[in-house]
Amino acid sequence: MRIAAETTLRNKRRYAGLVADYADCDPARIRASLTEFLHPDAVVNVVHPINRVDGAQRFLERVMEPLLHSFRYLHRRSDMLFGGEHQGAEWVVSHGHYMGEFVNDWMGIPANGQPVWLHYAEFHRMDEGRSVECYLYIDMLDLLRQLGRWPLPQSVGHEGFIPGPATGDGMLLTAQDPEQSRLSLKTVEDMLAELWTEEEGWRPYWHRNMCWYGPSGYGSYFGLEGFCRFQQPYEGIFEPGRFSSAFRKSGDARLDGRVKGHYARFADGAYVASGGWPSHGGFMVRPWLGVEGKGQMFTVRLCDFWRRSGGVLVENWVLIDLVDMLLQLEFDVFLQAGIDLQLPWPGTQIRS
């Protein structure tokens, strides 16, 4: 099915309560709301260096309490919220920014005493009104950019605050037309099937003035030709024929065994969400982000949000765990930024 249904609507409204509490700027309310929303045994996957947390209580202790301590007036402003079904499971998602004054060091990252925003996206697999599995993406590189500790070569794309949908209608708390949802999903999947083609078969699926909002390090691009400035070089870093994704296998068991594909992909009205942990991977044979390509194998954790208008896609938001990806390529972002990473709990693996 992979589109929003009656159960989705109940879950969206349930999730909207948590999102509203995040926006209230009250730490006690955030703690209480998370305790109620997350199943006690929920598995929460977070970008590096946190990676994975088992259980709602540990998530509160290891993720939320340090955030609340480090960022005064912490709140979350969401600009998209919707849901859908994938392989028999119900999901809800949101996108936006955590915001607050960075007053105390966070995991060894030095505070600057200034307001910062943490670009985020979040996926929840729901069961009986509670989240039992979560994927939380936070753009850690963008935080380093705001702190003046940029560890990479200059980005080709635009770096800055990532806006929500131009239409301002991304919070879908009512039922959407199923036919519109199906059209959105088909448009995205037809486009994705054409991404890695020499003839650039993906072009007809996009508006000429499309906007691609990438993670910090990749940057954002506007218009079809602008997007080409990213997509063509990115496709070129992989060794031909040794690329693994949800659509194809590389023939290398080491890589294909690690690429799990997408844990969720679904549509709700004009919006589509997709996430993979990891989603794709390959062997890097050309320089990328200042790292020399020597045939290194790597995989990519990512998520996408798309907005369709008419028969084409007009906006695409992408978050990638680039810190994890670069670590696989033996490039430590925090070390390069002069940061002695200090995780707030003992016995944690630096990489999952």
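Laboratory data are not the source of any read-out in this text; all were calculated from the coordinates shown. From a predicted model like this one, the values you see are computed outputs, not experimental measurements. Cβ coordinates were reconstructed from backbone atoms using ideal geometry, including for glycine residues, and neighbour counts include every protein chain displayed.
Spatial offset of the stretch 1-62 relative to the stretch 261-297 amounts to 24 Å, using the alpha carbon center of each. Using every pair of separate Cα atoms, the Kirkwood estimate puts the hydrodynamic radius of the chain at 20.6 angstrom.
The label point for residue 105 and the one for residue 89, both projected 7 Å from the Cα toward the Cβ, are 3.7 nm apart. Residue-normalised convex hull volume from the C-alpha trace of the stretch 6-146: 99 Å³ per residue.
An ellipsoid equivalent to the stretch 9-88, defined through the eigenvalues of its Cα gyration tensor, has semi-axes of 21, 18, 12 Å when rounded to whole angstrom and sorted largest first. 3J(HN,Hα) along the stretch 292-299: 6, x, 10, x, 5, 7, 8, 10 Hz, from the Karplus curve 6.51 cos²θ - 1.76 cosθ + 1.60 with θ = phi - 60°, whole Hz, x for Gly and Pro.
Annotation: amide H of residue 52 within the under-5 Å range of 46, sequence separation 5 or more or interchain, hydrogens built in the peptide plane. Under 5 Å from the amide H of residue 288 lie the amide H atoms of 293, each residue being 5 or more positions distant or on a separate chain, with H modelled from the backbone and absent for Pro and chain starts. For residue 216, nonlocal amide neighbours, meaning residues 5 or more places apart or on other chains whose placed amide H falls under 5 Å from its own, are 142. Using only side-chain charges placed at the Cβ, +1 for Lys and Arg and -1 for Asp and Glu, the dipole size of the chain relative to its Cα centre rounds to 140 debye. Considering only 265, 248, 125, the Gaussian network model of the chain with Cα springs below 10 Å gives its largest mean-square fluctuation to 248.
Here the label points at residue 186 and residue 72, each 7 Å from Cα along the C-beta direction, are separated by 5.5 nm in the simple model. When 266, 305 are arranged by Cβ crowding within 10 Å, least crowded first, meaning fewest neighbours, the order is 305, 266. Computed over the stretch 178-336, the convex hull of the alpha-carbon atoms projects to a mean area of 9.0 nm². With both labels modelled 7 Å from their Cα along Cα-to-Cβ, the residue 256 to residue 114 distance reads 4.9 nm.
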